[in-house]
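*Asks:* My structure is below; once you've seen it, I'll send some questions.
The values are calculated or read from the model by the stated rules, or taken from the named source; none is laboratory data. Just so we're clear, the structure is a prediction, and the values are computed from it rather than from any experiment. All Cβ positions, glycine included, derive from the backbone under ideal geometry; neighbour counts span all protein chains shown. Please note that ligands, DNA and RNA were not included when accessible areas were found on the heavy atoms of the full protein model with its side chains. Shrake-Rupley method; radii C 1.70, N 1.55, O 1.52, S 1.80 Å.
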Amino acid sequence: MNKMYIRLKYGADFLIALVALIVTSPVFLAVAIAIKAEDGGKVIFKQLRTGKQGKKFNCYKFRSMKSTHVAYDKSKRVIRDNNPNLTKVGKVIRKFKIDELPQLFNVIKGDMCFIAPRPLLPVFDSDYEDWELIKFEMRPGLTGLGQVNGNGYLSIKDRKYYDAYYVMHASLWLDIKIILKTIGVLIFGEKRFLRPVNEAQFAALRREIKLRYSSNAIICAGLKLKAAK
């Protein structure tokens, strides 16, 4: 992981998030009015997620569901557009990722950054394998490598690969590619960009992680303990 680039990235993300909040304030207002007008419920939905070094934080979203108190299936992490619990407004804002806009506040608070592995619910804390614990060495992101390579159409294993790969290879060029592909995903949909991972890629990444962190096993073990809390 390029630590110098990550530090610069966090600083730039803070400034960009401040500007983005000002620019998108009319969108915030319009979405808030639409959500309230549909069913009178809460505008913002917050959910506990696991972040850097296993720290828990509240992740903010525009509410897109009729009820947020539903059974969660760990094997089906992505909610499909035809889910009956989605509101009419929710279907629209989820399609164009507008429901994620409140996470600009998470970026400003230092919980998240723009591009990095997406944060998951604490229910997944006990599922991480040693090789993927490196994802906790940086703040989670609004979008990431897995989100532009198939997202909901990827297997859980493939998404884990993309999360770990990003942390190992984060760079300005990779971030630019992710931004451009994010635009493509918004226009053409996730399935168009599906890129499953083969076993050779998994093996190569695991070897790379093992070589780089073989002398840092204590840190990896500490991350695992924190993630499991």
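*Asks:* To the nearest 0.05, how large is the calculated FRET efficiency for L15 and Q53 if R₀ is 22 Å and r is the Cβ-Cβ distance?
*Replies:* 0.40
*Asks:* Per residue, what accessible area does the chain have, given a 1.4 Å probe and all protein chains present, in Å²?
*Replies:* Accessible surface, normalised per residue, equals 54 Å².
*Asks:* With the calculation restricted to Cα positions, what are the radius of gyration and Dmax of region 119-169 in angstrom?
*Replies:* Final numbers for Rg and Dmax: 10.4, 27 Å.
*Asks:* Using only the Cα atoms, work out Rg/Rh for the chain, with Rh taken as the Kirkwood radius, to two decimals.
*Replies:* 0.96
*Asks:* Now a separate question. Between W173 and V23, how many nm apart are label points set 7 Å from Cα along the C-beta direction?
*Replies:* Placing both labels 7 Å along Cα→Cβ, they lie 2.6 nm apart.
*Asks:* How far is helix 25-39 tilted, in degrees, relative to the longest principal axis of the Cα atoms in the chain, given as a value from 0 to 90 rounded to the nearest 10?
*Replies:* 60
*Asks:* Would you pull out the residues with amide H under 5 Å of G51's amide H, same chain only if 5 or more places away, H placed 1.01 Å from N?
*Replies:* HN-HN under 5 Å from G51: K56, F57.
*Asks:* Further, regarding this structure: Anything over 25 Å Cα to Cα? Flag those among K61/K160; K46/K135; K46/K109; K36/K181, in the order listed.
*Replies:* With Cα atoms farther than 25 Å apart: K36/K181.
*Asks:* As I understand it, the dipole of the chain uses +1 on the Cβ of Lys and Arg and -1 on the Cβ of Asp and Glu, about the Cα centre. Which of M168, G150, I98 lies farthest toward its positive end?
*Replies:* I98
*Asks:* Mind checking the dipole of the chain: about its Cα centre, +1 per Lys or Arg Cβ, -1 per Asp or Glu Cβ, Debye to the nearest 20?
*Replies:* 180
*Asks:* Using just the helices of the chain, give the 222 nm mean residue ellipticity in deg cm²/dmol: DSSP H runs with n ≥ 4 each add -39,500 (n - 2.57), and the total is spread over all residues, rounded to 500.
*Replies:* Taken over the chain, the calculation gives -15000 deg cm²/dmol.
*Asks:* Further question on the same structure: If I compute solvent accessible area with a 1.4 Å probe over the protein chains, what percent of it on the chain is carbon and sulfur?
*Replies:* 64
*Asks:* Simple spin-label model, 7 Å along Cα-to-Cβ: K46 to K157 in nm?
*Replies:* Result: 3.8 nm between the two label points.
*Asks:* Right, another one. Can you give the extra length, in nm with one decimal, that the chain gains between E38 and A204 once fully stretched, where that is 0.36 nm per residue apart less the Cα-Cα distance?
*Replies:* Here the segment from E38 to A204 would lengthen by 54.8 nm.
*Asks:* If you don't mind, there's one more thing I want to ask. Residues with amide H under 5 Å of G141's amide H, sequence separation 5 or more or different chain, H placed in the peptide plane at 1.01 Å from N; which?
*Replies:* Close amide H contacts, sequence-distant or interchain: C113, A116, R118.
*Asks:* Let me ask something else about it. Within the chain, which is the longest segment containing none of the chymotrypsin sites (Phe, Trp or Tyr not before Pro) that sit in a DSSP loop and have at most 12 other Cβ atoms within 10 Å?
*Replies:* 97-229
*Asks:* Here's a follow-up. Could you check the spin-label model distance between K95 and Y5? Points 7 Å from the Cα along Cα→Cβ, value in nm.
*Replies:* 3.5
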